[in-house]
1. Scan (1) touching a helix residue (DSSP H, G or I) at 6+ places or on another chain (Cβ under 7 Å); (2) under 30 Å from residue 1 (Cα atoms); (3) surrounded by fewer than 18 Cβ atoms within 10 Å (Cβ to Cβ) for the single condition residue 70 breaks and write down its number.
2. Which ones in the stretch 1-12 are surrounded by 24 or more Cβ atoms within 10 Å (Cβ to Cβ) and part of a loop (DSSP other than H, G, I, E, B)?
3. Quick one: how many residues across the stretch 169-199 are more than 25 Å from residue 229 (Cα to Cα) and either within 21 Å of the chain's Cα centre (by Cα) or buried (at least 20 other Cβ atoms within 10 Å of the Cβ) (or both)?
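Every number in this text was worked out from the coordinates using simple rules, so none of it is lab data. Since the model is a prediction, treat every value here as computed from it, not as a measurement. Because the Cβ atoms are built from the backbone with ideal geometry, glycine has one as well, and the counts that use them run over all protein chains shown.
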Ligand SMILES: C[S@@+](CC[C@H](N)C(=O)[O-])C[C@H]1O[C@@H](n2cnc3c(N)ncnc32)[C@H](O)[C@@H]1O
């Protein structure tokens, strides 16, 4: 019988923000895998490190992070590396930063494997919740519509979203921070926007975006509050 594939949300960084279910699956799964972007450190593995039993079979899935289209061949290779264990009857747990289905690499692995193997997804605390908690800032209230925007969008698309939304969270801020500041200023919403980097980690940063200069860390987001609440 084939093994089961688990997509395990490990939260935004603080190891205490893993769920009890995530902890149980990590204790039981014979194979634990994690995306290794550009061969570097895995944020997801760092969050879960204390829960990975010694000697467990681990696979670093080489998935390059680069602007533009999805790295399909890397996803194909990662899916086949997992499939080799699943076919042999071994369950495999993929560690997912935040929540697996919220802009997560796991989406592309599950798309390739769900037709052949049983898949269970364990939701995790997403960066949205962690950034709001760090800033002490409501994500949305009453009848407000919350818009999530990746900072990788074009100027026109970002500006349209920032102009129209009641409240927004901008993800993937990184090198786009200066451009995002300019666009927020143009639509009159820089005042009140908060940059949160490394939410829930020891090196967490919470600062008004207007005070930030230059690029931001990759793990940073900008909260744009509901203007009607200000
Ligand atoms: C590819 S998305 C993955 C989102 C993740 N699956 C989640 O549920 O939050 C990566 C982006 O999420 C945001 N992010 C993830 N963790 C974060 C953290 N601890 N603090 C601030 N932003 C974070 C950043 O905007 C980062 O560029």
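1. Answer for residue 70: the failing condition is (2).
2. Residues satisfying the conditions are 10, 12.
3. 5
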